[in-house]
Amino acid sequence: MYITVYALMIFCLVYTLIAVRRIKNIVIPSWLAMLIGALAMLLLQVISIDEAYNAIKFDVIVFLLGMFIVVSSLEVSGVLHSITLKLLKYANSTDRLILLILIVMGTLSAFLMNDTIALIATPIILSMAKIGIDPKPLLITLAFAVTIGSSMTPIGNPQNFLIAVESNIRAPMLEFLRYLALPTFANYIATYYIVRLYFRNLLSSNSDNVRLMNGVDYTAIITTINNNDHRLAKISKVIAGFMLCMFFMVSIAMVLGYDTHLSMSHIAVIGAAAVIVFAKGNRINILRNVNYGIIILFLAMFVFMHGLEDAGVISIVSSVIQLNSNSILNIVFASVMLSQLMSNVPFVAFYTRVMHAHGFNEANVKEWIALAGASTLAGNLTLLGAASNLIILEAASKSGHTFTFLEFFKIGSIVTSVNIAILLLFLIIIP
């Protein structure tokens, strides 16, 4: 009895910290809130140290670490900067620029993690202010793009990979693309028209200045790409391409009934090892750029969730949440609402346990896909819905080209409503 009470108290504390995110001038990242919860579970003896260790899914940790190392090499070598620069210089109108940001940045996010693309593209878009372009609509478009695009694959964001692991879906890469590729591209187009209409006055005033971009030397503006390593760039592109091919080949082999004894985690760690071996003088920079906060978040989250499950909290919540014949609608609604309070990764970690308690397994592919799509697209509703939004906002604030919570919510509420409607439509249509 006391154990359940302790676990409930820790549960309330952790998600309150995640929802509040700030106490006075102290910012509380999600990984810190979850770490506090995991340590509390151990200190109050809700679970033992051995149980905590056994609760950690090391294949997930290995996958994330491997992907972060490979993506970091693409960043350090200048590959991602180069792609973004070419995209911006190719645009000769604001309409084309908005469309290119949505499709190119979004699709990159599907395979190279949304937070990374947000981090790379934001300073380059901000540099456009130097030639008189108001970057606000472009930054908000970037936020929408990386969120929409990352929903398409199990490697687009951490919560999607967690769903792929927890659901035990066979060939997750193919299943995600089967159900989410078409709605993702439909959402690109729908979001393009929404942004174009909503920001029509700002975009119209920017049109002449956009044409000046072809004559801008961005390498002189963006100091972060002055140290491009062409050798590392070639190596990084080959390794990243090899990994993506392997992700698809393993998924196809599983569909055909062949057991390759390879998982996405194995492929990620092989790719990361290859990067470290060939990176030579850039190894320290690559490892320094890895997002260790996400790694800590997942380590702590596995311990925290196991404590909730052992103490019976998951069972209590599951008895309140009803998942029936309309489970997809329930999952989508819960994802959109609770992701704003709990943040999408902690929400997904919690909700996958609830779904397991209701008997969902690898056969319920649509329900798991609905959770992945909705919890990701929910990030476009408010600034707090996705970490990528905060990355963009922080960089914009430092440059003096910020936007407010209300400004984002006004258009974000429209975009999210349309995106979720499109997702539901395709989940109904696709068998």
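The values are calculated or read from the model by the stated rules, or taken from the named source; none is laboratory data. Given the structure is predicted, the values throughout are model-derived calculations rather than measurements. Cβ placement follows ideal geometry from the backbone for every residue including glycine, while neighbour counts extend to all protein chains displayed. Each accessible area value is taken on the protein alone, full model and side chains, heavy atoms only, with ligands, DNA and RNA left out. Shrake-Rupley method; radii C 1.70, N 1.55, O 1.52, S 1.80 Å.
In the stretch 47-57, is there at least one residue being assigned to a helix (DSSP H, G or I), touching a His at 6+ places or on another chain (Cβ under 7 Å) and open to solvent by 20 Å² or more (accessible area, probe 1.4 Å)?
Yes.
The conditions are (1) modelled with pLDDT under 85; (2) surrounded by fewer than 21 Cβ atoms within 10 Å (Cβ to Cβ), and ALA334 fails exactly one of them. Which is it?
Checking ALA334 against (1) modelled with pLDDT under 85; (2) surrounded by fewer than 21 Cβ atoms within 10 Å (Cβ to Cβ), the one that fails is (1).
What number of residues within the stretch 254-269 satisfy the criterion of being under 16 Å from ALA164 (Cβ atoms), in contact with a Leu (Cβ under 9 Å, 6 or more places away or on another chain) and surrounded by fewer than 21 Cβ atoms within 10 Å (Cβ to Cβ)?
Of the residues in that region, 2 qualify.
On the given criteria, is THR184 touching a Leu at 6+ places or on another chain (Cβ under 7 Å) and either buried (at least 21 other Cβ atoms within 10 Å of the Cβ) or modelled with pLDDT of 95 or more (or both)?
No, not satisfied.
Does LYS410 satisfy the criteria of being farther than 15 Å from PRO137 by Cα, part of a helix (DSSP H, G or I) and open to solvent by 10 Å² or more (accessible area, probe 1.4 Å)?
Details: farther than 15 Å from PRO137 by Cα: no; part of a helix (DSSP H, G or I): yes; open to solvent by 10 Å² or more (accessible area, probe 1.4 Å): yes.
Taking the combined requirement at face value, the residue does not satisfy it.
Filtering the stretch 82-93 down to residues that are open to solvent by 10 Å² or more (accessible area, probe 1.4 Å) and over 14 Å from LYS234 (Cβ atoms), which residue is modelled with the highest pLDDT? Steps first, answer last, please.
Residues of the stretch 82-93 open to solvent by 10 Å² or more (accessible area, probe 1.4 Å): 82-83, 85-87, 89-90, 92-93.
Those left that are additionally over 14 Å from LYS234 (Cβ atoms): 83, 85-87, 89-90, 92-93.
Numbers: ILE83: 77, LEU85: 73, LYS86: 74, LEU87: 71, LYS89: 70, TYR90: 72, ASN92: 69, SER93: 73.
Checking each candidate, the answer is ILE83.
Taking the options LEU74, LEU100, LEU112, LEU108, name whichever one is without any contact (Cβ under 8 Å) to a residue 60 or more places away in the chain and buried (at least 22 other Cβ atoms within 10 Å of the Cβ). Spell out how you get there, then give the answer.
On the way: LEU74 fails: without any contact (Cβ under 8 Å) to a residue 60 or more places away in the chain; LEU100 fails: buried (at least 22 other Cβ atoms within 10 Å of the Cβ); LEU112 fails: without any contact (Cβ under 8 Å) to a residue 60 or more places away in the chain.
Of the residues listed, the single one that is without any contact (Cβ under 8 Å) to a residue 60 or more places away in the chain and buried (at least 22 other Cβ atoms within 10 Å of the Cβ) is LEU108.
Just to be sure before I move on: is HIS306 assigned to a helix (DSSP H, G or I), at pLDDT 85 or above, within 30 Å of ILE49 (Cα to Cα) and open to solvent by 80 Å² or more (accessible area, probe 1.4 Å) in the structure I sent?
no
Among (1) more than 20 Å from the chain's Cα centre (by Cα); (2) buried (at least 20 other Cβ atoms within 10 Å of the Cβ); (3) more than 19 Å from GLY37 (Cα to Cα), where does ALA272 come up short?
That leaves (1) as the condition not met.
A quick yes/no check of all residues on (1) at pLDDT 90 or above; (2) over 16 Å from the mean Cα position of the chain (by Cα); (3) open to solvent by less than 10 Å² (accessible area, probe 1.4 Å):
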site	(1), (2), (3)
ILE117	no, no, yes
PRO135	no, yes, yes
THR141	yes, no, yes
ILE155	yes, no, yes
ASN160	yes, no, yes
ALA171	no, yes, yes
PHE176	yes, no, yes
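Under the condition of being β-branched (Val, Ile, Thr) and out of contact with any Leu (no Cβ under 8 Å at 6 or more places or on another chain), which residue from the stretch 225-253 is farthest from PHE176 (Cα to Cα)?
Result: ILE235.
Suppose the filter is open to solvent by less than 50 Å² (accessible area, probe 1.4 Å), touching a His at 6+ places or on another chain (Cβ under 7 Å), in contact (Cβ under 8 Å) with a residue 40 or more places away in the chain and in a helix (DSSP H, G or I); does SER318 pass it?
Spelling it out, SER318 is indeed open to solvent by less than 50 Å² (accessible area, probe 1.4 Å), touching a His at 6+ places or on another chain (Cβ under 7 Å), in contact (Cβ under 8 Å) with a residue 40 or more places away in the chain and in a helix (DSSP H, G or I).
Based on what the data block shows, is ALA421 over 24 Å from ALA186 (Cβ atoms), open to solvent by 10 Å² or more (accessible area, probe 1.4 Å), among the small types (Gly, Ala, Ser) and assigned to a helix (DSSP H, G or I)?
Details: over 24 Å from ALA186 (Cβ atoms): no; open to solvent by 10 Å² or more (accessible area, probe 1.4 Å): yes; among the small types (Gly, Ala, Ser): yes; assigned to a helix (DSSP H, G or I): yes.
Answer is no for this residue.
When both residues are 6+ apart or on different chains and their Cβ atoms are under 6 Å apart, which pairs have a first residue that lies in the stretch 243-261 and is over 18 Å from ALA272 (Cα atoms), and a second that is at pLDDT 85 or above and hydroxyl-bearing (Ser, Thr, Tyr)?
Partner pairs satisfying both residue conditions: none exist.
Any residue at all in the stretch 287-298 that is open to solvent by 70 Å² or more (accessible area, probe 1.4 Å), of a type in the set (A, V, I, L, M, F, W, C) and over 17 Å from ASN160 (Cα atoms)?
No, because not a single residue in the stretch 287-298 is open to solvent by 70 Å² or more (accessible area, probe 1.4 Å), of a type in the set (A, V, I, L, M, F, W, C) and over 17 Å from ASN160 (Cα atoms).
When the stretch 403-431 is examined, which residues are found to be without any contact (Cβ under 8 Å) to a residue 40 or more places away in the chain and of a type in the set (Val, Ile, Thr)?
Residues satisfying the conditions are THR404, ILE428, ILE429.
Of all residues in the stretch 358-387, which are modelled with pLDDT under 85 and assigned to a helix (DSSP H, G or I)?
LEU383, LEU384, GLY385, ALA387 - these are the residues of the stretch 358-387 that are modelled with pLDDT under 85 and assigned to a helix (DSSP H, G or I).
For every residue, the table says whether it meets (1) of a type outside the set (Val, Ile, Thr); (2) over 24 Å from LEU8 (Cβ atoms).
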position: LEU308; (1), (2): yes, no
position: GLY312; (1), (2): yes, no
position: VAL320; (1), (2): no, no
position: ILE331; (1), (2): no, no
position: SER343; (1), (2): yes, no
position: THR352; (1), (2): no, no
position: MET355; (1), (2): yes, no
position: ALA363; (1), (2): yes, yes
position: GLU367; (1), (2): yes, yes
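In the set SER375, SER388, which member is of a type outside the set (Val, Ile, Thr), under 21 Å from VAL165 (Cα atoms) and buried (at least 24 other Cβ atoms within 10 Å of the Cβ)?
Matching residue, one of SER375, SER388: SER375.
Is it the case, given these coordinates, that SER73 is assigned to a helix (DSSP H, G or I) and at pLDDT below 90? Steps first, answer last, please.
On the way: assigned to a helix (DSSP H, G or I): yes; at pLDDT below 90: no.
Criteria not met by SER73.
Can you confirm whether the stretch 380-400 contains a residue that is polar (S, T, N, Q) and over 14 Å from THR147 (Cβ atoms)?
Yes.
Between a first residue in the stretch 152-166 that is under 12 Å from MET264 (Cα atoms) and a second residue that is in a loop (DSSP other than H, G, I, E, B), which pairs have beta carbons less than 8 Å apart while being 6 or more apart in sequence or on different chains?
Pairs that qualify, where the first residue is under 12 Å from MET264 (Cα atoms) and the partner is in a loop (DSSP other than H, G, I, E, B), are ILE155/MET113; PHE161/PRO154; PHE161/ILE155; ALA164/PRO154; VAL165/LYS57.
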